[in-house]
1. When the accessible area of region 68-187 is split by element with a 1.4 Å probe, what percent falls to carbon and sulfur?
2. Please list Asp109, Asp39, Asp136, Asp76 in order of solvent-accessible area, largest first, computed with a 1.4 Å probe with all protein chains present.
3. Search the structure for amide H atoms under 5 Å from the amide H of Phe185, placed 1.01 Å from N in the peptide plane, and list their residues when 5 or more places away or on another chain.
4. Please calculate the 1.4 Å probe accessible area of Met93, with all protein chains present, and give it to the nearest 10 Å².
5. Just how much of Leu63 is accessible, in Å², when a 1.4 Å probe is used and the result is rounded to the nearest 10?
6. So what is the accessible area of region 53-196 per residue, in Å², with the probe set to 1.4 Å?
7. Are there trypsin sites (Lys or Arg not before Pro) in region 82-136 that DSSP puts in a loop and that have at most 16 other Cβ atoms within 10 Å, and which ones?
8. Restricting attention to region 85-131, which GluC sites (Glu not before Pro) occupy a DSSP loop and are surrounded by at most 11 other Cβ atoms within 10 Å?
Amino acid sequence: VMKKLNAFFWVVALGVSLLGAELSTYLRLPPMPQAPAIDGRIWSAEWMMASPSFGSYSQETGLMSVREVHHRIGYDDQNLYIAQQSELPPGPMLLASTGSIFVEFGEGDAMRRIDFDTAGACAVEGVVSRAVAQRDYLEFEAAIPWEALGVPELRYGKEYKLQVGRDFRNQEEHAVWAPEGAGTFVARRDVPVAGLKTFGKRWKGDGYEI
């Protein structure tokens, strides 16, 4: 049975941040029993055994990003699975084609980065990805083989570094999952999935592409 924790740890993290201490992101979760369909449409039933996070951090300010970016992170023995929802601009503004989505993964300081455009395209062999613009969000999904991330075989219990983000071009902003540059990812078979409720819409700007 999947267990979900509430936003308590985020409240604690916010309190620590306000006191001036450094934030850290530590993710331990079990493998997904079934791989999600990578079609650019994020269905809750497919991602329910992934770890959700609502809202991202701005690398410019260190605070929550102006535009909403939400993530779901999962894995199995073959792939790392990433789902991302990023806020679309209000019409008639267009989605900037120069924006991107990225995933970084590795051991210690040796992290490998994989970039995707806003259509979900990726040049790395073996990666399956797609992005589709829905009513309010760009929905992106990817299945990334561990070998593409420089990991010949996933080791359970080992600490890896992980970062996921969305680069907006106009007005430029870099929204990331882990505020400290990279979070810690640990594959475990005996831990619950942790999540929290959404914070709601924030960005009300206009006059530019994102």
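1. Heavy-atom surface of region 68-187 belonging to carbon and sulfur, 1.4 Å probe: 44 percent.
2. Asp109, Asp136, Asp39, Asp76
3. Leu27, Tyr160, Lys161, Leu162
4. Around 40 Å² of this residue is reachable by solvent.
5. About 120 Å², rounded to the nearest 10.
6. 42 Å²
7. Of the trypsin sites (Lys or Arg not before Pro), the ones in loops of region 82-136 whose Cβ has at most 16 other Cβ atoms within 10 Å are Arg135.
8. Loop-located and lightly packed - Glu125.
The values are calculated or read from the model by the stated rules, or taken from the named source; none is laboratory data. In this text, all values refer to a predicted model and were calculated from it rather than measured experimentally. Quick reminder, even Gly has a Cβ in these numbers, built from the backbone with ideal geometry, and neighbours come from all protein chains shown. The accessibility values were calculated without ligands, DNA or RNA, using every heavy atom of the protein model including side chains. Shrake-Rupley method; radii C 1.70, N 1.55, O 1.52, S 1.80 Å.
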